[in-house]
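Trainee: Before I ask anything, here is the structure I am working with.
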Amino acid sequence: MRCGSCRHEWLVTAEWLDRFNQALEACPACGTDCQGEDRPDFCADPEDPAQEDSAVREFYWYHSSTHEDWPDRKLDPAARLTDVTKRRMEAMGSGVGAWASRQKTKALHVGTYEAAIENMLRRMDDQGSSDDQFYLYRVQLDPNCVIESGVHQEPTNFVGDVYLAEVCAPGTNVFRYVNVHEDPSSVSLAIEPDAMRAVQGIPMPLAVDVTDPWVLDAIARLSEATSKSAPQPKLQRFRLREVTALASEARRLESEIAAGLPLALRERFTVGFDEAGFDTAPTAFPTKLVGLARIVTEPRAVLDALNAEPWRVLQAIEGEAVFS
Ligand SMILES: [Zn+2]
């Protein structure tokens, strides 16, 4: 953390952060807490290897997305617009062509493995994307990419977009910033597509064996819950909506799995339970719970799955063989 008031820097734990966010902890030097305008916030570790340009080029960088073919550079942003929207944009004086080419220069975000996974869990939780198919991408940067010096604040505009042309010198295609939302204090990159050399991707989460003992036990508990009667009418008066025994059991299973995750991820761990679909696909929910948790607790399996994927080369370096 770095205090916005006195600039003091110190290390904290997830438990300390939890208390800080409730205004129960403050800057140890000057006492500024989370309520002040100059509140302490995450800053990049001066010892983080990603402070070095050579390490940024050598590292693998990660990105999670619901796009099956990220980054699809042939994708036409205008293809998603309706004719009515296009006519309206033209009438308002902003040409569709100019808008589309600006959309194409929008920076892409890559970061640590942890940041990519937290981003996926946050989207599943906040944006109701828990049913969407996600993909994890691993990126190799072009060894000739041009990196802006220093680690900066995230330079997003009011809709959350970044245009590197607005924040660095022409020709720069990699911009380091401190991520304050996911894997806080880690270094993330806003990059232009031409800064990437190659990409690998896998669907997330990894498949889970339906004979896994925890999965079998979870299915048995859910099946037993379906046979239980609905809550007593007297209790229902105090509830905002009726919760069936099946839905309650599903929430219990979710909490049990979440309890094995780091503190900061527990509240974000939301796996949509399709109650109506339980009879036809009883393994879907328990296997997804286990699969998502293992991304965090057993990252080696995910990295092994990525290692088994071929690299999709976006730009080959002249005179150099394409790596496997
Ligand atoms: Zn302070």
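The values are calculated or read from the model by the stated rules, or taken from the named source; none is laboratory data. All of these numbers come straight from a predicted model, not from anything done at the bench. Note: ideal-geometry Cβ built from the backbone for every residue, glycine included; neighbour counts use all protein chains shown. Surface accessibility is based on the protein's heavy atoms, side chains included, excluding ligands, DNA and RNA. Shrake-Rupley method; radii C 1.70, N 1.55, O 1.52, S 1.80 Å.
Trainee: Applying the selection to region 1-43, what residues are small (Gly, Ala, Ser) and either assigned by TED's automatic domain parsing to the domain that holds Glu154 or farther than 20 Å from Val151 by Cβ (or both)?
Mentor: Ser5, Ala14, Ala23, Ala26, Ala29, Gly31, Gly36, listed by residue number.
Trainee: Looking only at region 227-251, how many residues end up being modelled with pLDDT of 60 or more and open to solvent by 70 Å² or more (accessible area, probe 1.4 Å)? Lay out the reasoning, then the answer.
Mentor: The first filter runs over region 227-251 and keeps only residues modelled with pLDDT of 60 or more, leaving 227-230, 241-251.
Restricting the remaining residues to those that are open to solvent by 70 Å² or more (accessible area, probe 1.4 Å) gives 227-229, 241-242, 251.
The total comes to 6.
Trainee: From (1) part of a loop (DSSP other than H, G, I, E, B); (2) open to solvent by 20 Å² or more (accessible area, probe 1.4 Å), pick out the condition that doesn't hold for Asp194.
Mentor: Single failed check for Asp194: (1).
Trainee: Could I ask something else about it? Condition first: free of Cβ contacts under 8 Å to residues at least 40 places away in the same chain, of a type in the set (Ser, Thr, Tyr) and surrounded by 15 or more Cβ atoms within 10 Å (Cβ to Cβ). Can you find one or more residues in region 206-219 that meet it?
Mentor: no
Trainee: Within the set of pairs 6+ apart or on separate chains, which have a first residue in region 1-30 that is among the hydroxyl-bearing types (Ser, Thr, Tyr), a second that is open to solvent by 40 Å² or more (accessible area, probe 1.4 Å) and away from the ligand (no atom under 15 Å from the Cβ), and C-beta atoms under 7 Å apart?
Mentor: none
Trainee: On the basis of being within 16 Å of the ligand (Cβ to nearest atom), out of contact with any helix residue (DSSP H, G or I) (no Cβ under 9 Å at 6 or more places or on another chain) and under 23 Å from Asn119 (Cα atoms), does Asp69 make the cut? Outline the logic, then answer.
Mentor: Numbers: within 16 Å of the ligand (Cβ to nearest atom): no; out of contact with any helix residue (DSSP H, G or I) (no Cβ under 9 Å at 6 or more places or on another chain): yes; under 23 Å from Asn119 (Cα atoms): yes.
No; evaluated as a whole, the condition is false for this residue.
Trainee: A follow-up question, please. Of the residues in region 31-54, how many are touching a residue at least 60 places away in the same chain (Cβ under 8 Å) and away from the ligand (no atom under 12 Å from the Cβ)? If you could, list the steps in order and put the result at the bottom.
Mentor: Let us first name the residues in region 31-54 that are touching a residue at least 60 places away in the same chain (Cβ under 8 Å), namely 41-45, 48, 50-51, 53.
From what is left, the residues that are away from the ligand (no atom under 12 Å from the Cβ) are 42-45, 48, 50-51, 53.
Result for region 31-54: 8.
Trainee: Residue pairs, Cβ under 7 Å, 6 or more apart or interchain, first in region 240-260 and in a helix (DSSP H, G or I), second hydroxyl-bearing (Ser, Thr, Tyr). List them.
Mentor: Short answer, once both residue conditions are applied: Leu246/Thr226.
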